[in-house]
Amino acid sequence: MSIPRCAFLASMLTIVAMTGCSEVSGTGRKQLMLVSTSQEMKLGAEAYQEVLASEKLSTNTRMAAVVKRVGQRIAAVADRPDFEWEFNLIESDQVNAFCLPGGKIAVYTGILPIMKNEAGMAAVMGHEVAHAIARHGAERMSQQLSVQVLQEGLSRGLGNASPMMRKGVLGAFGIGTNVGVMLPFSRTHELEADKLGLRYCAMAGYDPREAVRLWQRMKDASSGKPPEFLSTHPSEDNRIAQLEDEMDDAMDLYEDASDQHGLGESW
């Protein structure tokens, strides 16, 4: 027995609306969550091993040790002992670092000159650890799943429409969800990770003011970026402005830190 198209779309919307909703610790933001912690940790571990198998780990033992030391200090204050934290330094000119679900973090050697010192690394590491703590990877997967459900419902609802109308409507839906939903959520994740990461950096005893200087250096090094509304990342100016707004609270946490490292080692 076939289900009427309007009823099918309504049922899909109901499923999405009734799915799990959680809250990000530290910001209170509500997030759609269709993926369990165990599922995301499994996927993160598998993807991380694939990256390590295809990339070259740095032979700079001194800097690899700094990455692990700073990462472990940040992870300790983030307080998720159930995560299987890993921190590796990858040999690459990429000015980047990334985090996969479950605490799998990698830093590329290309970003080390911009980090400049341990506090700069702590700012980046705090940001990446925050992605894991806030479960942004699982949230992104959940968003994509919900969009797929709605797109399937829309496609069924257009069953009797002409091929041209179907193509136009589905195409507009794809652009609308990307620019209007997915990219803004990506920018929300980035700013949220900046906010939480600044706190972790301060709590771990690293001078949080270096985060602002880091993004100023990043701004000086960047060029040719797309407009912010078409980017998964906020502009450096917006990131710096938010960090400055959060700095008083971060400095309080830094002053309360039991083990202060300041700017730490420079390179």
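The values are calculated or read from the model by the stated rules, or taken from the named source; none is laboratory data. Bear in mind that the values here come from a model prediction, so they are computed numbers and not experimental data. Note that each Cβ is placed from the backbone with ideal geometry, even for glycine, and that neighbours are counted across all protein chains shown.
In the stretch 220-240, of all residues being within 19 Å of GLY120 (Cβ to Cβ) and at pLDDT 85 or above, the one that is surrounded by the fewest Cβ atoms within 10 Å (Cβ to Cβ) corresponds to ASP220. Screening the stretch 187-213 for residues that are out of contact with any strand residue (DSSP E or B) (no Cβ under 9 Å at 6 or more places or on another chain) and outside any helix (DSSP H, G or I) and picking the one that is nearest to GLY71 (Cα to Cα) gives ALA204.
Out of the residues in the stretch 28-40 meeting the condition of being part of a loop (DSSP other than H, G, I, E, B) and not hydroxyl-bearing (Ser, Thr, Tyr), tell me which one is modelled with the lowest pLDDT. Out of the qualifying residues, it is VAL35. Taking the conditions exactly as written (touching a strand residue (DSSP E or B) at 6+ places or on another chain (Cβ under 8 Å) and surrounded by fewer than 21 Cβ atoms within 10 Å (Cβ to Cβ)), does PHE98 satisfy them or not? It is true that PHE98 is touching a strand residue (DSSP E or B) at 6+ places or on another chain (Cβ under 8 Å) and surrounded by fewer than 21 Cβ atoms within 10 Å (Cβ to Cβ). At pLDDT below 95 and either more than 24 Å from ALA193 (Cα to Cα) or part of a loop (DSSP other than H, G, I, E, B) (or both): is that true of LEU43 in this structure? For LEU43, the condition - at pLDDT below 95 and either more than 24 Å from ALA193 (Cα to Cα) or part of a loop (DSSP other than H, G, I, E, B) (or both) - is not met. Determine whether ARG217 is within 16 Å of ASN96 (Cα to Cα), among the basic types (Lys, Arg) and either modelled with pLDDT of 85 or more or assigned to a loop (DSSP other than H, G, I, E, B) (or both). The answer is yes for ARG217. Just to verify a result, which residue in the stretch 27-63, among those that are of a type in the set (Ser, Thr, Tyr) and surrounded by 12 or more Cβ atoms within 10 Å (Cβ to Cβ), is farthest from ILE90 (Cα to Cα)? Ranking the qualifying residues of the stretch 27-63, first place goes to THR27.
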